[in-house]
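Right, one structure below, let's go through it.
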Amino acid sequence: MGLTVQGNAIGREIAGYHNDLAADQAQHDALAAQIANQNTPDYVKQKARDYGYIAPNESIIAVQRDGQANDALTRTLSEGPSRIARWFSFFFGSR
């Protein structure tokens with residue numbers, strides 16, 4: 001009888017280890033898939049764009065929604081002459 005109890009306990013312990021191993025393998029597979037996804041050029045490009053980086057020959061366009069005034073932009077535009085006026089004065093101004 002004692003050997004049967006010991007055998008059952010060992011069997012439950014083995015089954016527990018098999019379950020732990022299967023869970024760890026599933027977690028490993030999920031992490032490997034995530035790493036594979038993060039190594040793709042599209043993922044890297046999107047993350048760079050999320051952090052504000054842009055590719056050469058691209059420009060950032062910000063869309064202002066109704067009711068969201070950008071005070072910094074308003075202040076910048078009202079503080080001095082426009083870019084065209086500065087260029088005009090640079091090339092054709094008094095010498």
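None of the figures in this text is laboratory data; all of them are computed from the coordinates on show. All figures in this text were calculated on a predicted structure; none of them were measured in a lab. Here Cβ is always computed from backbone atoms with ideal geometry, including for glycine, and neighbour counts include all displayed protein chains.
Rounded to the nearest 0.05, what FRET efficiency do Gln46 and Ala26 have when you use their Cβ-Cβ distance and R0 = 22 Å?
Working: r = 27 Å, r/R0 = 1.22.
It comes out at approximately 0.25.
Expressed in nm to one decimal, what extension gain is obtained for the pair Leu3 and Ala85 from 0.36 nm per residue of sequence separation less their Cα-Cα distance? Intermediate results must be reported in sequence, preceding the final value.
Working: separation 82, 0.36 × 82 = 29.52 nm, distance 9.69 nm.
Result for the pair: 19.8 nm of gain on full extension.
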